[in-house]
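Single-structure report; data block below.
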Amino acid sequence: MSTQQLTAGAKKAIPIVLGYLPLGFAYGALASLAGISLPFIVMMSVVVFAGSAQFISVSMLAAGAGAASIVATVFLVNLRHLLMSASISTYLQKFPRKSLPLLSFWLTDESYAVGCCELNEGEKSHLYMLGLFGTAYAGWVSGSALGGLFGGFFTSTNAVLTMEYALYAMFIFLLVIQLTEKKLLMAALVSGALSLLFYLYIPGTWYIMLATITTATLGVMVEKWKG
């Protein structure tokens, strides 16, 4: 039974893996072009497991940035994980506590999106979610290793960065499959509009969190007003 749950969760991660393989390859290739050795390329994926943070880290390392500035930048970029963790935690209250550290570490934008869809459809076991999140993790690490191995065949970063479009395609797909109700579509439109507005006037990456918090607050207010 436990194997069946893990396998079922792993199957749901296939769309994520298909996006992570080319994106992880792009990260590994860029890191290789920046002069980072294969063991450290893979180690960063194993320990950090955050696509945008790893791309930024590679760029900053190539530019000669210090460790403190890299850590601070990655922390700010990944602040959105606080919101995702708070959102999905309500579904995990019955899970064994020993499974929560792994699920927390493996949480990404994509696994969060698919995981929420699955949890909304019905109660899922911790093994199911471990299969889903763990398979996505394995896909990212595998893509990174392949990129580190074969990244030397690329002569410029432009050829590698074209693979980053896979990330946007995957995000669009994951967004569309969640728009099952009119209110969810409205929330997506409002959040997108606010993100663009805040991006134009607020420096840094804070516009993402502000748009998310504002949309969530408006959604709660509207639900209470209707109730």
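Per-structure values
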{"quantity": "Per residue, in Å², the accessible surface of the chain once ligands and nucleic acids are set aside, probe 1.4 Å", "calculated": "57"}
{"quantity": "Phi to ³J(HN,Hα) by Karplus 6.51 cos²θ - 1.76 cosθ + 1.60 over region 64-71, Hz, x for Gly, Pro", "calculated": "x, 5, x, 5, 4, 5, 5, 4"}
{"quantity": "Centroid-to-centroid separation of region 8-77 and region 111-132 [C-alpha atoms, Å]", "calculated": "24"}
{"quantity": "Vicinal HN-Hα couplings computed from phi for region 50-60 (Karplus, 6.51 cos²θ - 1.76 cosθ + 1.60; Hz; Gly/Pro x)", "calculated": "8, x, 4, 5, 6, 4, 5, 4, 4, 4, 5"}
{"quantity": "Dipole in debye (nearest 20) - the chain, about Cα centre, beta carbon charges: Lys, Arg +1; Asp, Glu -1", "calculated": "440"}
{"quantity": "Within straight-line cross-link reach of K98, lysines at Cα separation under 20 Å, skipping those fewer than 8 residues along the same chain", "calculated": "K124"}
{"quantity": "Vicinal HN-Hα couplings computed from phi for region 140-149 (Karplus, 6.51 cos²θ - 1.76 cosθ + 1.60; Hz; Gly/Pro x)", "calculated": "5, 5, 5, x, 5, 5, 5, x, x, 6"}
{"quantity": "Given the chain, longest segment not containing exposed loop GluC sites (Glu not before Pro) (DSSP; at most 11 other Cβ within 10 Å)", "calculated": "1-122"}
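The values are calculated or read from the model by the stated rules, or taken from the named source; none is laboratory data. What you are looking at is a predicted structure, and each value in this text was computed from that prediction instead of being measured. So basically every Cβ, Gly included, is an ideal-geometry build from the backbone, and we count neighbours across all protein chains shown. Areas reflect the complete protein model, heavy atoms only, side chains present, ligands, DNA and RNA absent. Shrake-Rupley method; radii C 1.70, N 1.55, O 1.52, S 1.80 Å.
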